[in-house]
Protein chains: 2
Amino acid sequence: MISNSSKYAVKAVLYLAVNSSEDHKILAKDISTPTNIPKAYLSKVLQELSRHNIVSSVRGPGGGFYLSKENIKTPLMKIIQVMDGDNRLTSCMLSLQECDAEHPCPMHDLVGNTKVNFVKNLEENTVGDLVKDIKAGKSFLPL
Amino acid sequence: MISNSSKYAVKAVLYLAVNSSEDHKILAKDISTPTNIPKAYLSKVLQELSRHNIVSSVRGPGGGFYLSKENIKTPLMKIIQVMDGDNRLTSCMLSLQECDAEHPCPMHDLVGNTKVNFVKNLEENTVGDLVKDIKAGKSFLPL
DNA sequence: AGATTAAAAGACATTTTTATCCTTTATATG
DNA sequence: CATATAAAGGATAAAAATGTCTTTTAATCT
Ligand code: FES
Ligand code: FES
């Protein structure tokens with residue numbers, strides 16, 4: 001549904017959102033361990049996220065990763081777009097040029113609305129919104 | 001969302017459902033051309049589908065692929081399970097052991113119901129059901 | 001039986017995704 | 001300034017997905 005890289009990205013960003021702040025930065029290896037993401041691979045993911053201003057990073061002693069106030073407003077969709085490209089979730093299930101209710105493929109109605117809703121949710125909900133749920137005990141961060 | 005192999009499988013099965021019958025079998029290459037699926041790869045997909053009784057095949061002169069009355073009753077979900085395994089669509093987006101509303105991951109609510117609905121639709125709708133829509137002009141087979 | 005047809009099966013090649021390792025650059029601190 | 005720290009970047013490796021090619025088996029027809 002989403003790539004491993006996207007999963008890693010979301011898990012890492014949420015971990016940072018819950019545990020880090022500008023004056024409590026976290027090292028890649030200290031995200032790797034609790035989230036069960038391979039260190040070296042996670043570093044690449046964080047690099048990419050940093051390049052797209054989804055996470056913030058500082059090098060050197062006392063450095064690490066954290067989420068700025070701006071970062072926390074990132075819509076979930078952006079993370080997935082950066083990792084998986086624009087159309088993994090929006091493209092037609094059977095590879096028609098466009099996924100379009102006017103000219104639907106045979107699978108369109110099986111997934112159509114649900115897919116659109118999902119994408120809408122990803123666009124409307126930010127990292128901060130998910131953190132609210134976690135802090136309210138409504139959802140749980142996986143190991 | 002689903003693999004290329006699954007897309008190919010669904011497209012090929014639908015093509016057979018619309019165009020073939022027990023006394024009008026179709027060669028792999030004659031599915032390949034109209035569906036734009038590479039011949040050799042499609043053959044592998046059809047082989048796998050045949051092994052799981054999703055399509056029927058006969059070798060030798062006058063042979064080819066077709067869908068039996070039984071084949072047409074195949075739920076869409078079975079095709080995707082055979083090609084992509086059991087849990088590509090049902091597993092947790094963030095790789096929790098189970099995707100469970102009782103212990104949801106932070107993304108669960110963004111996708112939860114919609115994913116469940118999609119899987120339900122795939123389980124409830126058969127190849128024959130989709131063909132009905134195609135024949136009624138409600139949906140269109142991609143090239 | 002022999003020849004031809006077409007799927008089944010096996011071997012192999014390419015590409016993409018996932019993963020690891022090593023070097024370089026930026027930052028902080030003594 | 002020298003040194004340590006930690007991310008950034010580059011190179012490489014392993015695994016999985018995708019794609020191709022060749023040989024084998026089963027069916028049909030002369
Ligand atoms: S047209 Fe194919 S999924 Fe929408
Ligand atoms: S628990 Fe993660 S998607 Fe359902």
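Just so you know, in the range A:8-50 the residues that are among the basic types (Lys, Arg) and part of a helix (DSSP H, G or I) include one that is nearest to A:LEU67 (Cα to Cα), and it is A:LYS11. Residues considered: B:ASP109, B:ASP23. Of these, the only one that is closer than 22 Å to B:ASP129 by Cα and away from DNA strand C (no atom under 11 Å from the Cβ) is B:ASP23. The residue that is surrounded by the fewest Cβ atoms within 10 Å (Cβ to Cβ), counting only those in the range A:27-44 that are among the hydrophobic types (A, V, I, L, M, F, W, C) and farther than 15 Å from A:PRO142 by Cβ, is A:ALA40. Considering only the range A:105-125, how many residues are more than 7 Å from every other protein chain (Cβ to nearest Cβ) and at pLDDT below 90? Total meeting the criteria: 4. Checking each residue in the range A:45-70 for being loosely packed, with under 12 Cβ neighbours inside 10 Å and more than 16 Å from DNA strand C (Cβ to nearest atom) picks out A:LYS69, A:GLU70. Looking across the range A:105-131 at every residue that is of a type in the set (A, V, I, L, M, F, W, C) and touching a Pro at 6+ places or on another chain (Cβ under 6 Å), the one that is nearest to B:THR126 (Cα to Cα) is identified as A:CYS105.
Checking each residue in the range A:71-104 for being under 18 Å from A:GLU124 (Cβ atoms) and either within 11 Å of chain B (Cβ to nearest Cβ) or open to solvent by 40 Å² or more (accessible area, probe 1.4 Å) (or both) picks out A:ILE72, A:LYS73, A:PRO75, A:LEU76, A:MET77, A:LYS78, A:ILE79, A:ILE80, A:GLN81, A:ASP86, A:LEU89, A:THR90. The residues on offer are B:ILE54, B:ILE2, B:ILE37, and the sole one that is within 14 Å of chain A (Cβ to nearest Cβ), free of Cβ contacts under 8 Å to residues at least 60 places away in the same chain and more than 16 Å from ligand 2 (Cβ to nearest atom) is B:ILE37.
The listed residues are A:TYR66, A:TYR15, A:TYR41, and the only one of them that is aromatic (Phe, Trp, Tyr) and touching an Asp or Glu at 6+ places or on another chain (Cβ under 9 Å) turns out to be A:TYR66. Within the range B:117-130, if we keep just the residues that are open to solvent by less than 20 Å² (accessible area, probe 1.4 Å) and closer than 12 Å to B:PRO75 by Cα, the residue that is farthest from ligand 2 (Cβ to nearest atom) turns out to be B:GLY128. Being under 30 Å from A:ASP133 (Cβ atoms), more than 10 Å from chain A (Cβ to nearest Cβ) and not basic (Lys, Arg) is a property that does not hold for B:ASP30. Within the range B:9-26, being free of Cβ contacts under 8 Å to residues at least 40 places away in the same chain and surrounded by 13 or more Cβ atoms within 10 Å (Cβ to Cβ) holds for one residue alone: B:ASN19.
The values are calculated or read from the model by the stated rules, or taken from the named source; none is laboratory data. The model shown is predicted, which means the values in this text are computed figures rather than measured ones. Heads up, the Cβs are rebuilt from the backbone with ideal geometry, glycines too, and the neighbour counts pull from every protein chain shown. We work out accessible area using only protein heavy atoms, side chains counted, and drop any ligands, DNA or RNA first. Shrake-Rupley method; radii C 1.70, N 1.55, O 1.52, S 1.80 Å.
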